[in-house]
Amino acid sequence: MEARLTEIERNQVLQYLGYRGGGVSAEVEADIARCRAQLMAAAKPRAAWRLFSLTDDGALAGTSFVLQGQDIRLLLHDCTEVILLAATLGSEVERLIRRAQVSNMTDAVILDACGSAAIENVCDNLCADLAATFAPRYLTDRFSPGYGDMPLSQQAELFGVLDVTRRIGVSLSASGLMLPQKSVTALVGVADRPQKMRHRGCAACNLFENCAFRKEGSNCGAF
Amino acid sequence: MERSELIILDGAMGTMLQAAGLPVGQLPELWNITEPEKVTAVQRQYVEAGSRVLYTNTFGANRHKVSGCGYSPAELIAGGVRCARAAAGDKAVRVALDIGPIGQLLEPLGTLRFEDAYDIFKEMVVAGEQAGADLVIFETMSDLYEVKAAVLAAKENTKLPVWVTMTFEASGRTFVGATVPAMALTLTGLGVDAVGFNCSLGPKELLPMISELRQWTTLPLILKPNAGLPDPATGAYGITPEDFTAELLPALSMGVKIFGGCCGTTPDFIRALNQALPAEPPLVKRPPAKNGVCSATCTAALDGVRVIGERINPTGKRRFQQALREGDIPYIIERGIEQQDAGAEILDVNVGLPGINEPEMMVRVVKALQSVVDLPLQIDSSDPAAIEAGLRAVNGKAIVNSVNGNAEVLDAILPLCKKYGAAVVGLCMDHDGIPQTWQGRVAIAERILNAALSHGMKREDVFIDCLTLTVSAQQEQAVETLRAVRFVTEELGLHTVLGVSNISFGLPARENITVNFLTQAMHAGLDLPIVNPNQAAVMDAVSAFRVLSGQDRDAERYIQRFANAAAPESVPQAGSRMSLPDAIMRGLKAETAALTREALETQSEMDVVNTLLIPALDRVGERYEKQEIFLPQLINAANAACEGFEVIKKQIAKQGRDSVSKGKIILATVQGDIHDIGKNIVRVVLENYGYTVIDLGRDVPVREVVDAVIREDVRLVGLSALMTTTVVSMAETIAAIRASGHDCKIMVGGAVLTPDYAEEIGADFYAKDAKQSADIARQVLG
């Protein structure tokens, strides 16, 4: 299955930009339309995934990767297998946003928001394709290192086991940041019965760390 | 070698070790020391299957990947060479020191400095040579800049032959966008001994790439593909050794001489390969290589007119000189973006100015340009140290501008061009000045060509500049220049460069003369004009020439250029009813600039700043706080105000006075953090409030911030961090500034920060957004 970027939702972009209702000027509307088109053209979405059996003590079979934290155990409670996945928009998008930070900062923030919406779309599409592949079994929500009580340090282990850098060209910095920045890694459980969407919520959102809504004590209403 | 010319490499190592019990995700290199017999056992199978070059089990044995494992890179590498040697036994098998990517993304996309990558590779290749490796193979590379660091490290510190294979996607690009022609031009220039592909895809998918690679280089070619494409669910590879071999064999007729297998291949694959390859390699005549210059992602092939943009140059440009003196890199690289947008295909880079450390500035500007522009670069300097610094920092194949007919200049600069694989511009002048006849200039051109050849450069990398003289001063010289261009093109068969703008100096309506001369010169054979691409008439002339010369097939680019030409922008008239604050509020740049010019007729620069620009920005800020407008509009307004400030800066620079500044502020995204878009927004806003911002960038070491605070003696520092993991280094940075005893104020911002936390780590202010950072600046600096 190919990584697919099918849509950059305008409303999601507006939300990421800090829009709180009221009017959107024609100029900004035009800027957003232009940036969406640029980002769609620059994106080279890629994804890698692999299925692992779970051992009784919460490790991925055949690896030294032991899942840490109560939250992931809860998520995978009904699961005997887990999918590791990673997706990225590629380095062209990174370059596009950096270039705009020099030549046009307005475009840069809009492109950045478009990029966040785009990688969410790629992940949603990938999970929909995986759900179809694994039917009639069921998938859990996506869960990433750093969510809930899973330490961000597990990111490095996930990178090693899934061979993320070689397969889709995403590298991990010493402080645990992914490059290109518009990239996502996650775990998705495979279960024999329908799964509650228990982790849809702020903690499960990739923007959790820098969400303006959350800092204001509210939320974006997406979940 | 059993076969005189064909060389068989080995197959996969990692998966073989996993089959022997190595857990997925664990460091394979450890086994060189803890389980050497298991490593040797795998390699012995490959030797028995027919491998005549064994790769050591040292792919990831770099300082960064093995830190904390208990062994140094040198120990793991020595162990790796020992294992391979043991497997080779007394057979004629060469041991290749295998080196893969460092695993950290290099600048400009990542944070690993080119110089640090060089050190990491140096440590490895030196250890490999000491341990007795026969050659070095850099494989699975996707970043051409990283490869350049690696190749330089090997060539400058060892005598080992250097092979390079990179990994491409089916799109024909690597993960970071490098292309096959760029790889070929750059690596051929750097003097590697063999190039090719490994990993990435199966043999079938790599054949089209080999077919492209052989058009751009005459080096021996390597092919080491995966066993087809993996099953995503299990990671298992599908094709059989027989299919693999069958798919690989067509590469023989393309001239590939070095074969092996990557992920998913086993000794069975190598055995099948060994049996299927003919005893005698077929006679394949390789085509002559195409030539060009390139960045990692963009190649300017030398097969027609290629425009070199001249605007990154301080000569006669006050504003540019000021930017150089103030280290205002964004201003400089914006000139690069502007020229690329206008149609430049190569950028000339000249940063020479009295009082500027030219080599250091050259590196800064080259690296900054490469972060936002993907055009090939022309390093323009007369200082060999600046030229070498620039050539080292360039990612791709550059041009050096320039040498002339003087022996000492040729001897100083041509070896640098050879070493870094650059092309060179030779000016037709020497100690005696510029010859007044075309014959005299051609004679110097021939002398330069011969010198280049004797230094080992290729003929096609010598570009000749027949020199443009001002027609109003020496009228007869225009014709001499054109004759020289024609002769150098037709008789010497060399590419020519010419800075054309100079022709019209001192005449009215210069553009007529410049464009007409450019057209005649292109007709005479000029293919690398150095021009100002922002002049539409110049680019129009080039577009038209490309149609008439047949370079622009079916006039496609010409039609595109003029079909998309927008109606000329209406120039805002002074005296229009819009006020300057209105223009800023609506984010209208051209209007803001025009209205600022108008205001300067009656008010001083400082008055315009304080009574018009700043109050307008304040109003925008208030509306932002009330959520009447949101971020894009805030920045649009700041950008518009920026145009106003730019008008003021230019006026001040023209009069040679000190700039208006409300004070200096240092900004930095702290060590370990690379999310700097927020910091950059703050920079734009602060600059537009009239502050001078010293932007230290992202991932800035604690020490560097402290040094800058003391050196610049600023009263305000802004730090940003986005992640919980990097707020820690923000706290360290603050502690270090306090420990230095400097009494500057510190403001902090970033997604995970809160006012309480800011106070806890010792900051003076918490800025929740860019608007607030401007308020804080006003409170501290006035």
(message) Place a point 7 Å from the Cα of residue B:710 along the Cα-to-Cβ direction; which residues of segment B:722-741 have their backbone N under 20 Å from it?
(response) B:730-741
(message) Let's test the formula: R0 of 35 Å, r as the Cβ-Cβ distance of residue B:475 and residue B:341. What FRET efficiency results, to the nearest 0.05?
(response) 0.45
(message) Compute the angle between helix B:770-781 and the longest alpha-carbon principal axis of chain B, please, reported from 0 to 90 degrees and rounded to the nearest 10.
(response) 60
(request) State in Å² the accessible area per residue of chain B; use a 1.4 Å probe, count heavy atoms of protein chains only, and round to the nearest integer. (result) 38
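So if I take the alpha carbon set of segment A:10-215, get Rg, then get Rh from the Kirkwood formula, what is the Rg over Rh ratio? Mind showing how you got there, number by number?
On the way: Rg = 17.9 Å, Rh = 18.0 Å.
For segment A:10-215, the value is 0.99.
When only C-alpha pairs under 8 Å and at least 6 residues apart count, what is the relative contact order of chain B, in percent?
The value is 7 percent.
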(request) Sticking with the crude label model, points 7 Å out along Cα→Cβ, report the distance from residue A:193 to residue B:600 in nm, one decimal please. (result) 7.6
(request) Take every residue in peptide B:164-176, count the Cβ atoms of other chains within 10 Å of its Cβ, and give the average of those counts. (result) 3
(message) Show me, bin by bin at 5 Å from 0, the whole-percent P(r) of segment B:252-367 based on Cα pairs.
(response) 2, 9, 14, 13, 10, 8, 6, 6, 7, 8, 8, 5, 3, 1
(message) Counting protein heavy atoms only and a 1.4 angstrom probe, how many square angstrom of accessible surface do chains A and B bury in total, to the nearest 100?
(response) 4900
(request) With the full set of protein chains in place, find how many percent of the accessible area of segment A:10-215 is carbon and sulfur; take the probe as 1.4 Å. (result) 53
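For segment A:33-133, which GluC sites (Glu not before Pro) are in a loop by DSSP, counting at most 15 other Cβ atoms within 10 Å? Intermediate values should be presented prior to the final figure.
On the way: sites: A:81, A:92, A:94, A:120; in loops: none.
Sites meeting the loop and neighbour criteria: none at all.
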(message) Rounded to the nearest 10 Å², what accessible area does residue B:345 have for a 1.4 Å probe in the complete protein model?
(response) 30
(request) Would you please report the Å³ per residue occupied by the convex hull of the alpha carbon atoms in chain B? (result) 196
(request) Could you name the lysines whose alpha carbon sits less than 21 Å from that of residue B:458, not counting residues in the same chain fewer than 8 places away? (result) B:148, B:155, B:285, B:290, B:397, B:418, B:419
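Take the alpha carbon atoms of segment B:7-276, find their radius of gyration, then divide it by 2.2 N^0.38 Å using N residues; give the quotient.
Numbers: Rg = 17.1 Å, N = 270, 2.2 N^0.38 = 18.5 Å.
Here the answer is 0.92, to two decimals.
Counting pairs of alpha carbon atoms under 8 Å apart in space and at least six apart in sequence, what relative contact order in percent does segment B:664-781 give?
Relative contact order, segment B:664-781: 29 percent.
Only Cα pairs under 8 Å and at least 6 apart count here; give the relative contact order of chain A as a rounded whole percent. Show your work: numbers first, answer last.
Numbers: 348 pairs, mean separation 61.1, N = 223.
Here the relative contact order equals 27 percent.
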(message) I'd like the orientation of helix B:36-49 relative to chain B: the angle between its Cα long axis and the longest Cα principal axis, in ° from 0 to 90, rounded to 10.
(response) 70
(message) Run the simple label-point estimate for residue A:25 and residue B:460 please: 7 Å along Cα→C-beta, distance reported in nm.
(response) 5.2
(request) Taking 50 Å² as the minimum loss, tell me which residues in segment A:164-193 lose that much accessible area going from the chain by itself to the full protein complex (1.4 Å probe). (result) A:166, A:175, A:177, A:179, A:181
(request) Relative to the longest principal axis of the C-alpha atoms of chain B, give the angle of the C-alpha long axis of helix B:631-654, reported between 0 and 90° and rounded to the nearest 10°. (result) 70
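Please find the FRET efficiency linking residue A:137 to residue B:254, where r is the Cβ-Cβ separation and R0 is fixed at 41 Å, and quote it to the nearest 0.05. Please list the in-between numbers first.
On the way: r = 46 Å, r/R0 = 1.12.
Using R0 = 41 Å, I get an efficiency of 0.35.
Per the helix-only calculation at 222 nm, which mean residue ellipticity applies to chain A, given -39500 (n - 2.57) for every DSSP H run of n ≥ 4 and division by its residues, nearest 500 deg cm²/dmol? Intermediate values should be presented prior to the final figure.
On the way: 8 runs with 91 residues, N = 223.
Taking each H run of at least 4 residues, the total per residue is -12500 deg cm²/dmol.
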(message) Could you sort B:201, B:507 by their accessible area in this structure, using a 1.4 Å probe and putting the largest first?
(response) B:507, B:201
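Would you calculate, for chain B, the mean residue ellipticity at 222 nm contributed by helices, counting each DSSP H stretch of 4 or more residues as -39,500 (n - 2.57) and dividing by all residues, to the nearest 500?
-14000 deg cm²/dmol
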(request) Consider a paramagnetic label point 7 Å from the Cα of residue B:742 along Cα→Cβ; state which residues of segment B:662-681 have an amide N under 19 Å from it. (result) B:662-672
(request) Could you compute the FRET efficiency for residue B:317 and residue B:130, with r as their C-beta to C-beta distance and R0 at 56 Å, rounded to 0.05? (result) 0.60
(message) Please state the shape class of segment B:580-643: rounded when a/c is under 1.5, otherwise prolate if a/b exceeds b/c and oblate if not, all from the C-alpha gyration tensor.
(response) prolate
(message) What number results when the radius of gyration of segment B:664-781, computed over Cα atoms, is divided by 2.2 N^0.38 Å?
(response) 0.91
(request) Determine the order of A:44, B:367, A:196 by accessible area, beginning with the largest, at a probe radius of 1.4 Å. (result) A:196, A:44, B:367
(request) Can you run the Rg to Rh ratio on the protein assembly as shown? Use alpha carbon positions and the Kirkwood inverse-distance Rh. (result) 0.97
(request) Evaluate the distance, in nm, between pseudo-label points positioned 7 Å from the Cα of residue B:535 and of residue B:654 along their respective Cα→Cβ axes. (result) 2.0
(request) Could you rank B:113, B:698 by how accessible they are, 1.4 Å probe, largest area first? (result) B:113, B:698
(message) Can you give me the long-range amide H partners of residue A:4? Hydrogens built in the peptide plane at 1.01 Å from N, cutoff under 5 Å, separation of 5 or more residues or another chain.
(response) A:126
(request) With the full set of protein chains in place, find how many percent of the accessible area of chain B is carbon and sulfur; take the probe as 1.4 Å. (result) 51
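The values are calculated or read from the model by the stated rules, or taken from the named source; none is laboratory data. These figures come from a predicted structure and were not determined experimentally. Neighbour counts run over all protein chains shown; Cβ positions are idealised from the backbone, glycine included. Only protein heavy atoms, including side chains, enter the accessible area calculation; ligands, DNA and RNA are left aside. Shrake-Rupley method; radii C 1.70, N 1.55, O 1.52, S 1.80 Å.
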